[in-house]
Amino acid sequence: MNSKLNELKEKSKHLPETPGVYLMKNNQGEVIYVGKAKNLKRRVSSYFMNSKNRQPKIERMITRIDTFEVKLVPTELEALLLERRLIHQLRPMNNRQMNKFERYKYLSLINKPNLKIEVDGKMNGVYSLGPFR
């Protein structure tokens, strides 16, 4: 294992064992993968452990990880919703589950001048939920 992966492995040991979303970034600072976890420490650490059972595409992604960022949330449901939103906004190259972005919609509450509900392909209101298929 190279020194960068050892550094990331060590960093992941200090993560909380709580729900959240993690963003894997390359050496240009671009987000290459967004994932969710009910236990951030366990999930993120798993990327930096030696494993013979990994798919080749995951191995290739791991070699491109330069750093990672985490976003803590109170529940697994909030982690799922945040993950979907970030994938839709950032469009990371390694997230294939939502690669048909035009199929996803947001439910937005808009209060101009009266309260209305809008379904659209982008977040329009202060209160937007989604993306939903």
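The values are calculated or read from the model by the stated rules, or taken from the named source; none is laboratory data. For clarity, every value in this text was computed on a predicted model and none was experimentally measured. Neighbour counts are summed over all protein chains in view; Cβ atoms, including those assigned to glycine, are modelled from backbone coordinates with ideal geometry. Ligands, DNA and RNA are stripped out before the accessible areas are found, and what is left, the full protein with its side chains, is counted by its heavy atoms. Shrake-Rupley method; radii C 1.70, N 1.55, O 1.52, S 1.80 Å.
For this structure, a couple of remarks:
- A search for C-beta distances below 7 Å between a residue of segment 1-21 that is closer than 12 Å to N39 by Cβ and of a type in the set (A, V, I, L, M) and any residue that is open to solvent by 50 Å² or more (accessible area, probe 1.4 Å) and part of a helix (DSSP H, G or I), counting only pairs 6+ apart in sequence or on different chains, returns L15/K41.
- The condition of being modelled with pLDDT of 90 or more and either more than 18 Å from the chain's Cα centre (by Cα) or basic (K, R) (or both) holds for only one of R54, R43, R133, that being R43.
- Test result for R84, exposed (fewer than 15 other Cβ atoms within 10 Å of the Cβ) and in a helix (DSSP H, G or I): no
- Within segment 118-130, not a single residue is within 26 Å of T18 (Cβ to Cβ) and at pLDDT 85 or above.
- Selection within segment 1-35 - open to solvent by 90 Å² or more (accessible area, probe 1.4 Å) and of a type in the set (G, A, S): S3
- Flag if E59 is assigned to a loop (DSSP other than H, G, I, E, B), open to solvent by 10 Å² or more (accessible area, probe 1.4 Å), charged (D, E, K, R) and out of contact with any Pro (no Cβ under 6 Å at 6 or more places or on another chain): no
- Among residues of segment 36-55 being touching a helix residue (DSSP H, G or I) at 6+ places or on another chain (Cβ under 7 Å) and either among the small types (G, A, S) or in contact (Cβ under 8 Å) with a residue 40 or more places away in the chain (or both), the one that is most open to solvent (accessible area, probe 1.4 Å) is K38.
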